[in-house]
Structure formats: C-alpha cells, structure tokens
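Here is the structure we will look at, set down as structure tokens.
The values are calculated or read from the model by the stated rules, or taken from the named source; none is laboratory data. Since the structure is predicted, the reported quantities are computational estimates derived from the model, not experimental observations. Note that each Cβ is placed from the backbone with ideal geometry, even for glycine, and that neighbours are counted across all protein chains shown. All accessible areas refer to the heavy atoms of the entire protein, side chains included, with ligands and DNA or RNA removed. Shrake-Rupley method; radii C 1.70, N 1.55, O 1.52, S 1.80 Å.
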Amino acid sequence: MKKAAIILLLGTAALSGCSSKGGSVSIVRASSQESSSCEEALKEYFNAMYTKDSGGVFYDYMFPDEVIGAMEESGRYSGMVKTFNESQKKNLGRDDGEYSFGRIVTEKEITEDQADSIKRYFVSISAPYAEISADRLNITEGYELTYDYLKNGSKAGEQNVFAVKLSGEGWKIITQ
C-alpha cells in the first residue's frame, strides 16, 4: 500500500463523536485542533498522505508538539518536511488514481494497557529528536479504529489506526 511505502521511505518506524458525520476537513497544525473531532483529524491525516506539500500536517499528527518544537529549534524539522513533500510529489505523480477517505468501519476506546503502550511508542519515536517522558503525555481520549478508503470512488482497502488526543495538543494518529 502506498501509505506504508511512504512511511517506510521516510524511516518512521482514537472520541467525542468519532462516528462518521461528514463535513469538510481543514489543514491546520495539530496544536490548534483542540476542538476538532476524531473523525476530522483522521480525515485530515489521510488527506495529508495524498496531498502535495503536506509534510507539516503529517508530522504534526505523528509527533507530540514538544518534539516538533525541538525539531524546529534544531533545524531538522524543515528538512524532514521537505523530504516528505518531495517524496509525495514523486509518488503522487506515478499514481493514476485519486484516493479519498471513506468511512470509519469500527471504533472502540483504547484500554489502559494500550494507552501505556502508545505513550511508550511516542517516547520511542521521539528519542532521536527530543527526550520526552511517558508520564508527561496525558491522553484525554483514545480510540482503536478501522477506516476504509476509496480509489477513484471505489473501495480500495482498510487501515487500522489508533487516534489519541493529547492534553493541550489535539489528535495524534498511529498507523498499525
């Protein structure tokens, strides 16, 4: 699947109403999504995977804000975003289809054990860029979701994700 290839290429390792409601998705930094719904966040993340020049949105959904800040301070963030964007242009240019978010197929709240694992995951993927502590990450909502996506209007597949809302930050998406 193209999304997995993009993530591997880059070396990168859910709800008050996450049910399908429709609506438009705007592109904003994760830190300003405090009132966004889980579904809107998931759609925005999906759209970032299939839109040129969306590396900033992709990484905002991937890393805690503290880590993004450390990346920006060190000068690494802009290079990562640039690499993502260049890869997107190449990959999207080779595809003959148009991908779109379908609907949320299943959703369930995460367990306490899953929340602890997700915190450890954030610590692990953040380690090359910043030292963060799992106990400083406060998950206020979290869901294990399956959504489907379309290619040229027909169902093309399903994806399993975790969507978690970090206190004061907004939603973060973890693909499974």
Exercise. Look through 120, 103 and report the one residue that is touching a Phe, Trp or Tyr at 6+ places or on another chain (Cβ under 7 Å), open to solvent by 40 Å² or more (accessible area, probe 1.4 Å) and either farther than 13 Å from residue 162 by Cα or in a loop (DSSP other than H, G, I, E, B) (or both).
Key: 103
Quiz item: If you take the residues of the range 23-47 that are open to solvent by less than 20 Å² (accessible area, probe 1.4 Å) and modelled with pLDDT under 90, which of them is nearest to residue 123 (Cα to Cα)?
Solution: 30
Quiz item: For the range 147-161, does any single residue satisfy the condition of being part of a helix (DSSP H, G or I), open to solvent by 40 Å² or more (accessible area, probe 1.4 Å), more than 17 Å from residue 44 (Cα to Cα) and of a type in the set (A, V, I, L, M)?
Solution: no
Quiz item: Given the conditions (1) within 21 Å of residue 170 (Cα to Cα); (2) in a loop (DSSP other than H, G, I, E, B), which single one is not true for residue 61?
Solution: (2)
